[in-house]
Amino acid sequence: MDGRGLVRAVMSVGSAGAAQGVRTVRAAWRRRRADASGLPPRGAERARVPGAVREAEPGPGGGVVHFGRSRLRVLVTVNGAVFLGWDGAAPEPSYALAGRCPEPDPRAVLEPDTDGGWRVVAERVTVTVSRHGAVDVCTPGGVRLRRDLPPRWWEPSAGGPGRWMQRSEVAADARFFG
């Protein structure tokens with residue numbers, strides 16, 4: 001944006017637009033505070049990440065990668081679908097599947113990767129797991145389709161259910177289902 005575009009943008013907002021913007025921000029702030037007031041205070045929490053890779057167990061269609069505080073199951077099916085399950089999550093039951101889970105790809109192999117990570121190499125896809133838990137789903141030619149950052153979770157110090165977060169990075173034109 002050059003100087004003319006900036007002046008044009010400011011002129012288009014005008015005084016009424018600026019006042020409306022302030023009212024919108026104020027209303028959003030009130031709504032946020034109203035939502036937060038109904039929740040109990042969280043208290044002290046401990047942040048957790050999977051930790052470093054300890055070992056890996058090969059299995060049908062991939063295997064299980066064990067980390068310091070967690071484990072990841074990687075399963076590649078015959079049709080090229082990838083299942084990633086943290087801490088014992090199973091592919092079934094799943095809202096993303098109509099019927100049973102496809103059979104694991106018998107040709108998919110779990111093998112060591114560079115820098116302490118592991119990878120599952122299949123005919124249609126390659127899944128790379130870094131030593132700290134980041135997961136890359138790539139084509140056999142090496143084009144990245146998706147990158148999942150290591151999950152993070154917070155456990156209350158006093159005990160009880162925790163909360164977790166998982167971030168994924170995809171290309172701007174990508175479409176993922178399930």
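The values are calculated or read from the model by the stated rules, or taken from the named source; none is laboratory data. Please read all numbers here as calculations on a predicted model, not as lab measurements. Here the Cβ is made from the backbone with ideal geometry for all residues, glycine too, and neighbour counts use every protein chain on show. Heads up: the accessible areas ignore ligands, DNA and RNA and are worked out on the full protein's heavy atoms, side chains in. Shrake-Rupley method; radii C 1.70, N 1.55, O 1.52, S 1.80 Å.
Quick check for you: with a 1.4 Å probe and neighbouring chains kept, what is the accessible area per residue of the chain, in Å²?
69 Å²
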Taking the C-alpha atoms of segment 59-100, how large are the radius of gyration and the largest Cα-Cα span, Dmax, in Å?
11.0, 35
Carbon plus sulfur fraction of accessible area for the chain, probe 1.4 Å, in percent
55 percent
Taking the 0 to 90 degree range and rounding to the nearest ten, how far is the long axis of helix 3-37 tilted relative to the main principal axis of the chain, both from C-alpha atoms?
70 degrees
Val25 and Arg107 label points (each 7 Å along its Cα→Cβ direction) are spaced in nm at 5.8 nm
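Note down the net charge around Arg107, summing +1 for each Lys or Arg and -1 for each Asp or Glu among other residues with Cβ under 11 Å from its Cβ.
Working: positive: Arg124; negative: Asp105, Glu123.
It works out to a net charge of -1.
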Once exposed loop chymotrypsin sites (Phe, Trp or Tyr not before Pro) are cut out (DSSP; at most 13 other Cβ, 10 Å), longest piece of the chain
1-94
Given the rule -39500 (n - 2.57) for each run of at least 4 DSSP H residues, summed and divided by the residues of the chain, what is its mean residue ellipticity at 222 nm, to the nearest 500 deg cm²/dmol?
-7000 deg cm²/dmol
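Using the Kirkwood formula on the Cα atoms of the chain, what hydrodynamic radius do you get, in angstrom to one decimal?
Values: mean 1/r = 0.0503 Å⁻¹.
One decimal place: 19.9 Å for the Kirkwood radius.
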With a sphere of radius 10 Å drawn around the Cβ of Glu45, what net charge do the other residues whose Cβ falls strictly inside it have (Lys, Arg +1; Asp, Glu -1)?
+3
Excluding Glu169 itself, what net charge comes from residues whose Cβ is under 12 Å from its Cβ, given Lys and Arg +1 and Asp and Glu -1?
+2
